[in-house]
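Chemist: Just dropping this structure here.
The values are calculated or read from the model by the stated rules, or taken from the named source; none is laboratory data. If you're wondering where the values come from, they're calculated on a predicted model, not measured in any experiment. Here the Cβ is made from the backbone with ideal geometry for all residues, glycine too, and neighbour counts use every protein chain on show. All accessible areas refer to the heavy atoms of the entire protein, side chains included, with ligands and DNA or RNA removed. Shrake-Rupley method; radii C 1.70, N 1.55, O 1.52, S 1.80 Å.
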Amino acid sequence: MSSSAPESVLPPITQVTGACPHDCPDTCAMQVSVQSGRVVRIQGHPDHANTRGALCTKVSRYAERTYHPERLLQPLRRVGAKGEGRFEPVSWDEALDDIASRLGAIAARDPQAIVPYSYAGTMGLLQGESMAARFFHRLGASLLDRTICASAGGEALALTYGGKVGMPVAQFADSRLILIWGSNSIASNLHFWTHAQAARRAGARLVCIDPRRTDTADKCDEHLALRPGTDAALALALMHELIVHDGLDQDYLDRHTSGWPALREQALDWPPERAARVCGLEAERIRALARDWARIRPASIRLNYGMQRVRGGGNAVRLIAALPCLTGAWRERGGGLLLSSSGWFKPVRDDAALQRPDLLAGRQPRLINMSTIGDDLLRPASAEFGPRIEALIVYNSNPVAVAPQSSRVVAGFRREDLFTVVLEHFLTDTADHADYVLPATTQLEHLDVHTSYGHTDVLLNRPSIAPVGEALPNTEIFRRLAARMGFDEPCMADDDEALARQSLTGPVRYEDLLERGWLTLDLPERPFADGGFPTADGRAHFTPEGHGVATFLAPHESADSAPELARRYPLAMISPPARHFLNSTFVNVRSLRDIEGEPVLEMHDDDARARGLVDGMLVRVWNDRGEYHCVLRLNRRARAGVVHGLGIWWRKLGVRGTNVNELTHQQLTDLGRAPCFYDTLVEVEPA
Ligand code: SF4
């Protein structure tokens, strides 16, 4: 922390170092300027190597979000119908006493009837899963399978490499060929894009592989707009070409991988013509890409999670992760692949100390998959499912807007016999359904520790200001609830500083973070140049134990797998994020919503013409699950046969109370039990 006294009589400005809490691989260091106890400016920290002084447009407006006139300032109790959003203010004591008593009554019957629901509203170790996890473990509540975003790709990476590890992000600047695969980096991985631009200035070729012609695709040398859910077929055809045109690094394959003969056989079934038909690409472009992948050095892949939100997403990631092994791209600095770096933090994070699974004391509660919360809230008690869900405690998430198949999710949240508590900053779609809404602090108001999934720094977030209104950190809310429930284990009273210390182990010490604000993990320059993957034998595995060789799986909803459905709903829909929103966060920040304008569906001109649709028209997008109303944009970002419902709007701020998840379903991915948001067929007509 530093302060400077300006020459005028204005109070001095203090600068506090923090960390961006959002679900974004960049995990920026923030420099927060505070005057008279109020935040006056938020910037990227100029000294943090990954942030380089720049935050994205969204988080630059974080003060606007923190001081938003609709910020929740005190606990609320529902007085209207569920979903209506009518509440009365109550004191913290009143709210917590009642919540504790109602949870206690349910727990006396079966604590598994209580379900925590949380995700990455903050990525902080403390305000994410620390005291909350202790509370639910002590209670014996159901466990939550946190699958909604990244588990298919995460599991695929773990099967192949042994963990969520990849090349250091700064090394992309040294690449001479970068495949930006399923990533709109300009919108959702800005600081990687800085490295990619540096590489390009030095002569690198950038190839974007994405169904949508994104801002990023516009700025690459080439764009391959494949059909959604066909990435595995493309990866297999690239392998085919590497095999038949002598593009393999056989020495690397022999010494540092296992399962190559089976994968080789599989890839030989995928000549470019076959993949071209599946992907909707020209075979010659696949051949050319394979030639480049074999020839240009160093070569790298920046993979992101959008492409794994389909039935075969896990298989696709396994195949793409094999590509740098086939050519020995890992041998060079600037070669390899990055999907997630979070596995590098394993030796320095002490999740067990923070979350205390030992408080389960031998109990093994059932696991509820957050991606099927719609169905699960409506499920009766059964021997297979366990007790009906009687209480839901939601924090760091907005499931009514973001979980798939809204009609089921909303019906579940409207159950009169469901007791719902939501910790939030605003009255979101989910909070509108709560029995109690508890005001939570924002990142500017609490302590936290962050690791990253896009780089390898640990960051400290110091509070810059006192809590706004009566807001409390999540940790404190669960601490107070625990005390009321009679949980008297000493760890239930640990304060945030104690939690911060407990969150770290090994070479990263809290004292060093306090002193410096962030610390960089010491990684090898070329982490897998000589194998050394974090698998049991140090090899990358193409046929990991319990799994055969990866393959292409057609999407759940496609002409191949569901021809009758595809006749009725011939358009494949993906729902990538709108550039100025981050999941459903920031939708209520006026200045950002004004830039986005309105909920949009992007479509190809030919598809619009065939339906008599014109740019700017209000349209109805529908399938058997529901309908979504939004504005049509013919902006040449969509390929024929594919539409993009940009998300994720709050339902109540969208058109006619709908958002794109009216159309998505609850079927799961091949690995990781994750949702298939980009595996949806729809039809469109004028609204
Ligand atoms: S959302 Fe991402 S790019 Fe924006 S400030 Fe946060 S970490 Fe940085």
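Chemist: Does any residue in segment 516-545 that is touching a residue at least 24 places away in the same chain (Cβ under 8 Å) and closer than 21 Å to residue 267 by Cβ come within less than 8 Å, Cβ to Cβ, of a residue that is of a type in the set (Val, Ile, Thr) and open to solvent by 40 Å² or more (accessible area, probe 1.4 Å) six or more places away or on a different chain, and which pairs are these?
Modeler: Cβ pairs passing all conditions: 542/549; 543/549.
Chemist: Still on this structure, I have one more. Restricting to segment 352-411, what's the tally of residues that are of a type in the set (Phe, Trp, Tyr), more than 17 Å from the chain's Cα centre (by Cα) and outside any loop (DSSP other than H, G, I, E, B)?
Modeler: 0
Chemist: Residues of segment 537-577 being in contact with a His (Cβ under 9 Å, 6 or more places away or on another chain), farther than 30 Å from residue 326 by Cα and of a type outside the set (A, V, I, L, M), which ones?
Modeler: 557, 575, 576
Chemist: Then there's this: What number of residues in segment 252-304 are of a type in the set (Ser, Thr, Tyr) and not in a strand (DSSP E or B)?
Modeler: If we filter segment 252-304 for residues that are of a type in the set (Ser, Thr, Tyr), which is where we start, we get 252, 257-258, 300.
Pick out the ones that are also not in a strand (DSSP E or B) and you get 252.
Counting residues in segment 252-304 that are of a type in the set (Ser, Thr, Tyr) and not in a strand (DSSP E or B) gives 1.
Chemist: Of all residues in segment 460-513, count the ones that are assigned to a loop (DSSP other than H, G, I, E, B) and within 25 Å of residue 105 (Cβ to Cβ).
Modeler: 5
Chemist: For segment 559-583, enumerate the residues that are within 16 Å of the ligand (Cβ to nearest atom) and touching a strand residue (DSSP E or B) at 6+ places or on another chain (Cβ under 8 Å).
Modeler: 576, 577, 578, 581, 583 - these are the residues of segment 559-583 that are within 16 Å of the ligand (Cβ to nearest atom) and touching a strand residue (DSSP E or B) at 6+ places or on another chain (Cβ under 8 Å).
Chemist: Test of understanding: among 21, 25, which residue is within 31 Å of the chain's Cα centre (by Cα), modelled with pLDDT of 95 or more, within 27 Å of residue 431 (Cβ to Cβ) and within 16 Å of the ligand (Cβ to nearest atom)?
Modeler: Exactly one residue qualifies, and that residue is 21.
Chemist: For residues that are surrounded by fewer than 24 Cβ atoms within 10 Å (Cβ to Cβ) and small (Gly, Ala, Ser), scanning just segment 28-45, find the one that is nearest to the ligand (Cβ to nearest atom).
Modeler: 44
Chemist: Given the criterion surrounded by 23 or more Cβ atoms within 10 Å (Cβ to Cβ) and in contact with a strand residue (DSSP E or B) (Cβ under 6 Å, 6 or more places away or on another chain), identify the matching residue among 208, 220.
Modeler: It is 208.
Chemist: Let me ask something else about it. In segment 403-439, what residues are free of Cβ contacts under 8 Å to residues at least 60 places away in the same chain, closer than 17 Å to residue 91 by Cα and touching a Leu at 6+ places or on another chain (Cβ under 6 Å)?
Modeler: Residue satisfying the conditions is 423 alone.
Chemist: Might you check whether a residue that is open to solvent by 10 Å² or more (accessible area, probe 1.4 Å), at pLDDT below 95 and not aliphatic (A, V, I, L, M) occurs anywhere in segment 402-409?
Modeler: No - not one qualifying residue is present in segment 402-409.
Chemist: Go through (1) open to solvent by 60 Å² or more (accessible area, probe 1.4 Å); (2) within 16 Å of the ligand (Cβ to nearest atom); (3) within 26 Å of residue 400 (Cβ to Cβ) for residue 69 and report which single condition fails.
Modeler: For residue 69, the exception is condition (2).
Chemist: A follow-up question, please. Which of the numbered conditions does residue 458 fail, given that it passes all the others? Conditions: (1) out of contact with any strand residue (DSSP E or B) (no Cβ under 6 Å at 6 or more places or on another chain); (2) over 19 Å from residue 72 (Cβ atoms).
Modeler: (1)
Chemist: Let me ask something additional. Identify the residue in segment 46-63 that is surrounded by 15 or more Cβ atoms within 10 Å (Cβ to Cβ) and either aliphatic (A, V, I, L, M) or in a helix (DSSP H, G or I) (or both) and, among all such residues, is farthest from the ligand (Cβ to nearest atom).
Modeler: Taking the candidates together, the pick is 63.
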